[in-house]
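The structure under discussion appears below in the form of structure tokens.
No value in this document is a laboratory result; all are computed from the given coordinates. Nothing here was measured: the structure is a model prediction, and the numbers come from that model. Here the Cβ is made from the backbone with ideal geometry for all residues, glycine too, and neighbour counts use every protein chain on show.
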Ligand code: ZN
């Protein structure tokens, strides 16, 4: 009961990349960089295990950014001529690559790090991929002329990689869809359809992570415009409850999401965000156990997974390590409170 897991990303060590940045520059190149990425992955596997986390991730140490890591293996994308684009409904500007031709995978994307992760922990492992709608919102389209059509094209590629990750021994494949909290009507219709296409044929656990983004200033400013109650999840949760996705991740601690929205996820495992990523203050085990207690009003105990609100990538390494320990200790305390 109350498995613990991280949403996905963890900070990169200072010898691997720039620290506390969302798009950090690597500190090495070629074979040296490839080795450094795996060394950092190993470090975080050990840190998650030592903290007592149950489902282990690679901390996304091998990718510069959670979306563009996947795109680097896709043909039909022009990375040489990036253009500025407003993303997440113009919340912030980013330099993004352009889709200029039909999309095709060049080959495996994450085989190296997934197999490495599998080889170095006996615990269950989770691997994250960007969701189709979020990818569509993070590239400039010069070819498809239709967001849904392009999302389905990306979904096919994601599905090929996801099936291969399953064969590598991955236990949970998670698609990250922060865009679901921005394009509410589209998310509930073609967003979920594209997600199901990406997960087609998978027999391992499938998950979707939906959040209010990393703890960066543009996101904090945006959240301040959302009012007293954040009801963005309300539209997409019923569509996800009717889908074949097994697990849904949501923000909980320090967010203004009404807890009762979790009741819309009947029949799903719910990854409850009990660790804030927009605040350097480390939660106490009591804070974590209290948040789990609130969620238990709406989520059956056997379906609750304690998780972080989002990725920890832009935080300091020391804070992230302390937050991992708080996550596991808080879940243990929650079990103790229930007497199980
Ligand atoms: Zn997130």
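Using helices alone, I'd like the mean residue ellipticity at 222 nm for the chain: each DSSP H run of four-plus residues gives -39500 (n - 2.57), total over residue count, nearest 500.
Estimated from H runs of four or more residues: -10500 deg cm²/dmol.
Counting pairs of alpha carbon atoms under 8 Å apart in space and at least six apart in sequence, what relative contact order in percent does the chain give?
It comes to 21 percent, rounded to a whole number.
Would you mind calculating the gained length between residue 123 and residue 93 on full extension (0.36 nm times residue separation, minus the Cα-Cα distance), in nm to one decimal?
Net length gain for the segment: 6.9 nm.
What is the order of 116, 2, fewest Cβ neighbours within 10 Å to most?
Placing the least packed residue first, the sequence is 116, 2.
Tally the DSSP beta bridges in region 82-200 and give the antiparallel ones as a percent, rounded to 5.
Around 40 percent of the beta bridges assigned by DSSP in region 82-200 are antiparallel ones.
Please report 12, 21, 93 as a ranked list, fewest other C-beta atoms within 10 angstrom at the top and most at the bottom.
Going from least to most buried by this count: 93, 21, 12.
Rounded to the nearest Å, what's the spacing between the alpha carbon centres of region 284-320 and region 154-179? Just the number, please.
Using only Cα atoms to place each centre, the spacing works out to 24 Å.
Just 120, 68, 110 to compare: in a GNM of the chain, with alpha carbon springs under 10 Å, which one fluctuates most?
Greatest mean-square fluctuation among the candidates belongs to 120.
If the chain between residue 263 and residue 242 were fully stretched, how many nm would it gain, using 0.36 nm times the residue separation less the Cα-Cα distance?
Length gained between residue 263 and residue 242: 6.2 nm.
How would the chain be classified by its alpha-carbon gyration tensor: rounded, prolate or oblate, with rounded meaning a/c under 1.5 and the a/b versus b/c comparison settling the rest?
rounded
For 79, 127, which order do you get if you count the other beta carbons within 10 Å of each Cβ and list the fewest first?
Exposure proxy ranking, most exposed first: 79, 127.
Give, in nm to one decimal, the length gained when the segment between residue 28 and residue 79 is fully stretched (0.36 nm per residue of separation minus the Cα-Cα distance).
16.4 nm
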